[in-house]
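Heads up, the thing below is written out as structure tokens.
Just so it is clear, none of the values below were taken in a lab; they were calculated from the coordinates. The model shown is predicted, which means the values in this text are computed figures rather than measured ones. Reconstructed Cβ throughout: ideal geometry from the backbone, glycine too, with neighbour counts over all protein chains shown.
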Amino acid sequence: MFGLTLLGAVHTAFAVVALIAGYAMILRHGRIDGASTLGRTYLWCTVITCLTAFGIFRHGGFNIAHVLSIVTLVTLALVIVAGRTRVFGGLSPYVQTLGYTATLFFHMIPGLNETFTRVPVGAPLFTGPDDPALQKAISVVLLLFVILMAVQAWRIRKGGAGGRQPHLA
């Protein structure tokens, strides 16, 4: 289906679950809460998505998607450290909230590329990662995420909803 290998299908399935969990939390609570069931689902599905990405080489060898997986894993590690320790001090809520949101954006970059270079079948929207239309779409998504992150930072600063996150279990 859509030219996916078995690994590609597993990778995609975990990515879709992560996206659903992440967006559900953003819509419900304005942030991803790593201590909740949906937050843990998001975290682990994202980790599995990143790890399975290392075995996918549709566009040749090691590429920007693999680098993005590494950046995502490092960001998640920082989010966990921020939740379990006070190493970031008063910045911990920002590191957690904005880190999780950044990883959700990171999902969108290869997600848009891989989805819309295959869909609609027979007439995909984009020709590949260098398609100017894809670059514009990613720019729009980035702008939306920057706005979301600014709102999240403002809410943390004000101490309102989406502010202090409980520590990760």
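Taking the range 21-87, how much of its Cα-Cα pair set, in percent, is spaced more than 20 angstrom apart?
38 percent
Using 0.36 nm per residue of separation minus the Cα-Cα distance, give me the extension gain between residue 70 and residue 86 in nm, one decimal.
Here the answer is 3.4 nm.
Label residue 78 and residue 13 with points 7 Å out from Cα along Cα→Cβ: what is the distance between them in nm?
3.3 nm
What percentages, rounded to whole numbers, describe P(r) for the range 59-145 computed over all alpha carbon pairs with 5 Å bin width beginning at zero?
Per 5 Å bin, starting at 0, the Cα pair percentages come out as 3, 14, 19, 19, 16, 12, 8, 6, 3, 1, 0.
Gain in length, residue 144 to residue 44, computed as 0.36 nm per residue apart minus the alpha-carbon separation, to one decimal in nm?
Taking residue 144 through residue 44 to full extension adds about 33.5 nm, to one decimal.
Dipole of the chain (Lys/Arg Cβ +1, Asp/Glu Cβ -1, origin at the Cα centre): which of 140, 53, 95 lies farthest to the positive side?
Value computed over the given set: 95.
Under the √(5λ) rule applied to the eigenvalues of the Cα gyration tensor, what semi-axes describe the equivalent ellipsoid of the range 1-116? Give them in Å, descending.
26, 15, 11
To the nearest 10 degrees, how steep is helix 64-84 against the longest Cα principal axis of the chain, on a 0 to 90 scale?
Value to nearest ten degrees: 20.
Using only the alpha-carbon atoms of the range 99-150, report the extent along each of the three principal axes, biggest first, to the nearest angstrom.
38, 18, 15
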